[in-house]
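**Student:** Dumping the structure here so I can ask a few things about it.
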Amino acid sequence: MSSDPGTPHSPGPLATKKLKTLIVDDHPASILLLQDMLTDCCECFAATGGPQAIALFEKALRDGKSFDIILLDIEMPGMSGIDVLKELRLRELDWRKQNLLFEDRKFARIIMQTASDNPQDLFDAYLKGKCNGYINKPFHKKDLLDKILVGS
């Protein structure tokens, strides 16, 4: 397993096409757990905060290798997951407009994750941030894979 959060987690032997996945969580143990759960179907990159996630996201866009999936923790210090979500969507849209790409690339699927039971978080994530899904912590591997693999 990589100790540098910006490098990919080594892929598992079972999947054929790995989904390029960005895990954003302020707890390194949560990142390692998610990488382990997703090793067979995802090439995982990680960020421990909003600014790092935005930088990795922008680099992927510039390189023409955008993320398929983003797992984004809602509750993080400094920059909340909702704020990161909004920034990612704005930057994705701006990049597409600048490069005149409207239909030939899909937008990243962003799945929010949290231990919070605050309904305002759901409202903000779906309506204000335009996330694609939501999963409550703690979750089982099967539930996570169901969220990840739907629509991929």
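**Student:** Starting from the Cα of K97, step 7 Å along the direction of its Cβ; do the same at I135; then give the gap between the two resulting points in nm.
**Tutor:** Calculated label separation equals 3.3 nm.
**Student:** Sticking with this structure for a sec: In the stretch 67-99, which residues have a backbone nitrogen under 18 Å from the label point lying 7 Å from Q120's Cα in the Cα-to-Cβ direction?
**Tutor:** 74-86
**Student:** Let me ask another. In nm, to one decimal, how far is the modelled label at L145 from the one at D63, with both set 7 Å along Cα→Cβ?
**Tutor:** A separation of 2.7 nm, rounded to one decimal place.
Since every read-out is calculated from the coordinates, none of them should be taken as a lab result. What you see is a predicted model, and the numbers here were worked out from it, not measured in a lab. Quick reminder, even Gly has a Cβ in these numbers, built from the backbone with ideal geometry, and neighbours come from all protein chains shown.
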